[in-house]
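Structure, as structure tokens:
The values are calculated or read from the model by the stated rules, or taken from the named source; none is laboratory data. Just so we're clear, the structure is a prediction, and the values are computed from it rather than from any experiment. Note: ideal-geometry Cβ built from the backbone for every residue, glycine included; neighbour counts use all protein chains shown.
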Amino acid sequence: MATPKPTSEGASLADRLHGVQCRVADAAVTAGRPLDDITTIVVTKFHPAALVRELADLGVANFGENRLQDAAPKAAALSDLELTWHFVGQLQSNKVRPVLEFASVVHSVDRESLVTSMGGAADAAAASVGVFIQLALTTAEHRGGVQPDGLEQLAVQVLGQPRLRLLGLMAVAPLDEEPRRAFERVRLASQSLRAVAPEATALSMGMSGDFTDAILEGATHLRIGTAITGIRPDAG
Ligand SMILES: *Cc1c(COP(=O)(O)O)cnc(C)c1O
């Protein structure tokens with residue numbers, strides 16, 4: 001059974017951030033894992049740049065966004081800060097170039113055409129681009145991700161692009177499966193990935209409702225939105 005989310009009514013942004021940080025630390029202790037292994041990315045999609053700035057003032061350095069048109073102006077407005085932007089949404093090949101102008105890590109790489117576009121666009125970028133391959137945990141097409149039987153081939157494509165750095169796997173828990181079981185499947189897939197890409201050890205998994213389960217299954221990058229930011233404004 002999923003643990004109920006603690007209510008965040010009335011709590012300030014700093015309180016919510018602190019609350020999540022405590023729960024991450026507790027889960028790391030339970031999992032017997034060093035806290036240093038776990039990076040919390042705050043997903044700020046649809047929130048204004050001012051909220052990102054407030055979080056940066058509270059010490060957050062990693063931010064996640066899922067739409068180019070929403071993220072690019074925000075990143076531009078905050079270019080005075082040293083932030084790492086993670087692109088976590090589905091990405092079209094023709095949007096790769098503008099996304100790589102602000103994002104240094106892409107979590108949603110799930111097909112060869114995207115790898116090729118990214119490899120080309122990244123040539124122009126100053127630093128290499130971090131890549132998570134998104135693994136599909138359901139056969140529902142619209143949720144994105146490569147099916148497990150295509151993972152190894154896609155990993156080889158990424159490894160063939162000198163400007164891309166394969167970090168590991170990303171996944172979103174399906175709605176109809178216990179998150180812990182789903183994340184266990186990602187952990188096992190990660191073991192097969194390492195057979196072809198020994199350095200690709202990172203695991204981007206865990207959102208507001210399931211990040212403690214993700215930590216227990218080895219998550220290294222949590223993508224947490226509403227538990228920290230509060231309810232998202234409308235997509236607009
Ligand atoms: C929005 C989003 C998140 C964060 O979701 P919350 O439930 O608000 O924590 C994480 N990952 C992806 C891919 C997202 O689109």
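Yes/no per residue for (1) touching a strand residue (DSSP E or B) at 6+ places or on another chain (Cβ under 9 Å); (2) at pLDDT 95 or above:
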| position | (1), (2) |
| --- | --- |
| SER79 | no, yes |
| GLY89 | yes, yes |
| SER93 | no, no |
| VAL96 | yes, yes |
| VAL109 | yes, yes |
| GLU112 | no, yes |
| VAL115 | yes, yes |
Of those in segment 40-69 that are without any contact (Cβ under 8 Å) to a residue 40 or more places away in the chain and among the charged types (D, E, K, R), the residue nearest to VAL106 (Cα to Cα) is GLU65
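Please note which strands (runs of 3 or more DSSP E) are completely contained in segment 164-236 and include at least 2 residues that are away from the ligand (no atom under 15 Å from the Cβ), more than 16 Å from THR138 (Cβ to Cβ) and not basic (Lys, Arg).
Values: elements: 164-170, 202-204, 221-224.
Counting at least 2 such residues, we get 164-170.
So which residues in segment 165-192 are within 24 Å of VAL96 (Cβ to Cβ) and buried (at least 21 other Cβ atoms within 10 Å of the Cβ)? Write out each step before concluding.
Keep residues of segment 165-192 that are within 24 Å of VAL96 (Cβ to Cβ), which gives 165-172.
Result: LEU166, LEU167, GLY168, LEU169, MET170, ALA171, VAL172.
Say we look at segment 106-118 and pick out the residues that are within 13 Å of the ligand (Cβ to nearest atom) and outside any loop (DSSP other than H, G, I, E, B); which of these is farthest from LEU137 (Cα to Cα)? Explain how you work it out, then say what you get.
First, the residues of segment 106-118 that are within 13 Å of the ligand (Cβ to nearest atom): 106-110.
Those left that are additionally outside any loop (DSSP other than H, G, I, E, B): 106-109.
On the way: VAL106: 18, HIS107: 15, SER108: 13, VAL109: 14 Å.
In this case the residue turns out to be VAL106.
Condition (residue is free of Cβ contacts under 8 Å to residues at least 60 places away in the same chain and on the phi > 0 side of the Ramachandran plot) applied to segment 163-175: is it met by at least one residue? Let's see the steps before the verdict.
Going residue by residue through segment 163-175, those that are free of Cβ contacts under 8 Å to residues at least 60 places away in the same chain are 163-166, 168-169, 171-175.
Still in the running and on the phi > 0 side of the Ramachandran plot: 168.
Yes, the conditions are met somewhere in segment 163-175.
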Result of the Cβ filter at 7 Å on segment 191-218, keeping first residues that are in contact (Cβ under 8 Å) with a residue 40 or more places away in the chain and within 13 Å of VAL156 (Cα to Cα) and partners that are assigned to a loop (DSSP other than H, G, I, E, B) and away from the ligand (no atom under 15 Å from the Cβ), at least 6 apart or interchain, is LEU193/ALA200
Which numbered condition ARG53 fails, given (1) more than 23 Å from ALA136 (Cα to Cα); (2) touching a strand residue (DSSP E or B) at 6+ places or on another chain (Cβ under 6 Å): (2)
Is segment 137-150 home to any residue that is within 16 Å of the ligand (Cβ to nearest atom), closer than 16 Å to ARG163 by Cβ and modelled with pLDDT of 95 or more? no
